[in-house]
Amino acid sequence: MKLAVLTGAGISAESGVPTFRGQGGLWKSYRPEELATPQAFRRNPALVWEWYLWRRSVIAKAEPNAGHIALVELERKYTENFLLITQNVDGLHQRAGSKRLVELHGNIWRVKCLSCGVVYYDYSVSYAQLPPACKECGGLIRPDVVWFGEALPEDALELAIRWARSCDVFVVIGTSAVVYPAGELPYLAKEHGAKVIEINPESTPVSPIADVIIREPASSGVKKLLEVL
Ligand code: APR
């Protein structure tokens, strides 16, 4: 059996990382167009960095939860028949031990230089000066995440689409499925005959096409998944 899993911010909620649109979600108190677009970064890179450093400091205090860990167990069980596709930039799947992982929206711990193009990991939660400079050329660096209006990394998206089209079971965990193209993947999987399983305490646009719904938080819901699979 070939198994693909799509995760969103909800899987990290129980680790203390705020979601975007849920209660206390980031987009309730911050305006994405001021902080998560290339235009916002051009206008005020220091302000955007200040916000990403705050998010880094929250994520740095977080630990992977039982939901992340149960997905590592699934990966061990299904090995090459398993792929984890995440919209999350927090790196908690990697910290839990996930290897067969595709990051659709980048990673908050990686930076990209706008001058020399170098990409590297940087675990700083503060910088002496904002915006920070590239360690290679001194140029302006940005978080290596996908902002609104930007294209997703081609390889990652292509792989995710290929698995959505060829898997037997497609599991959707902790996403409101309103952001595209990630939100399209469950429908693609359904169209290609996969069984769709949703784990989310709330209903989402995916709920009507789900064959199985586990209306629970990820930490208990993914454990249940281990039982049904
Ligand atoms: N377990 C499982 N799901 C949960 C939990 C939990 N403990 N807590 C909340 N959820 C669910 C919510 O019900 C909601 O459906 O997680 C979902 C979170 O939705 P969003 O906040 O919209 O996050 P996400 O779907 O990941 O957002 C997609 O939007 O802002 C951009 O790039 C950002 O990757 C992000 C994308």
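The values are calculated or read from the model by the stated rules, or taken from the named source; none is laboratory data. Keep in mind it's a predicted model, so treat the numbers as computed, not measured. Neighbour counts are summed over all protein chains in view; Cβ atoms, including those assigned to glycine, are modelled from backbone coordinates with ideal geometry. These area figures cover heavy atoms from the full protein model, side chains too; ligands, DNA and RNA do not enter into them. Shrake-Rupley method; radii C 1.70, N 1.55, O 1.52, S 1.80 Å.
For residues in region 86-117 being open to solvent by less than 30 Å² (accessible area, probe 1.4 Å), small (G, A, S) and touching a strand residue (DSSP E or B) at 6+ places or on another chain (Cβ under 9 Å), which is nearest to the ligand (Cβ to nearest atom)?
G106
Checking F148 against (1) at pLDDT below 95; (2) buried (at least 16 other Cβ atoms within 10 Å of the Cβ): exactly one of these is not met. Which one?
The number of the failed condition is (2).
What's the number of the condition R110 fails, among (1) within 22 Å of E14 (Cβ to Cβ); (2) touching an Asp or Glu at 6+ places or on another chain (Cβ under 8 Å)?
So the condition that R110 fails would be (1).
Check every one of the strands (runs of 3 or more DSSP E) wholly within region 98-178 and list those with 1 or more residues that are in contact with a His (Cβ under 8 Å, 6 or more places away or on another chain).
101-103, 141-145
May I ask you to verify whether A4 is open to solvent by less than 30 Å² (accessible area, probe 1.4 Å), within 24 Å of S220 (Cβ to Cβ), at pLDDT 90 or above and more than 6 Å from the ligand (Cβ to nearest atom)?
yes
Tell me which residues, restricted to region 211-229, are open to solvent by 20 Å² or more (accessible area, probe 1.4 Å) and either in contact with a strand residue (DSSP E or B) (Cβ under 8 Å, 6 or more places away or on another chain) or at pLDDT 95 or above (or both).
Residues satisfying the conditions are D211, V212, I213, R215, E216, P217, S219, S220, K224, V228, L229.
Please work out if F41 is away from the ligand (no atom under 13 Å from the Cβ), of a type in the set (F, W, Y) and within 21 Å of I214 (Cα to Cα).
Taking the combined requirement at face value, the residue does not satisfy it.
Between P186, P201, which is open to solvent by 60 Å² or more (accessible area, probe 1.4 Å) and either more than 19 Å from L101 (Cβ to Cβ) or in contact with a strand residue (DSSP E or B) (Cβ under 9 Å, 6 or more places away or on another chain) (or both)?
The match here is P201.
Yes or no, residue by residue, for (1) part of a helix (DSSP H, G or I); (2) within 14 Å of the ligand (Cβ to nearest atom); (3) modelled with pLDDT under 95; (4) over 24 Å from P153 (Cβ atoms):
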position	(1), (2), (3), (4)
G24	no, yes, yes, yes
E33	yes, yes, yes, no
W54	yes, no, yes, yes
E63	no, no, no, yes
A70	yes, yes, no, yes
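Pull up region 166-206, narrow it to residues that are near the ligand (Cβ under 10 Å from one of its atoms) and among the hydroxyl-bearing types (S, T, Y), then point me to the one that is nearest to L152 (Cα to Cα).
In this case the residue turns out to be Y180.
Restricted to region 193-217, and to residues that are part of a loop (DSSP other than H, G, I, E, B) and hydroxyl-bearing (S, T, Y), which residue is nearest to the chain's Cα centre (by Cα)?
Looking at residues that are part of a loop (DSSP other than H, G, I, E, B) and hydroxyl-bearing (S, T, Y), I get T204.
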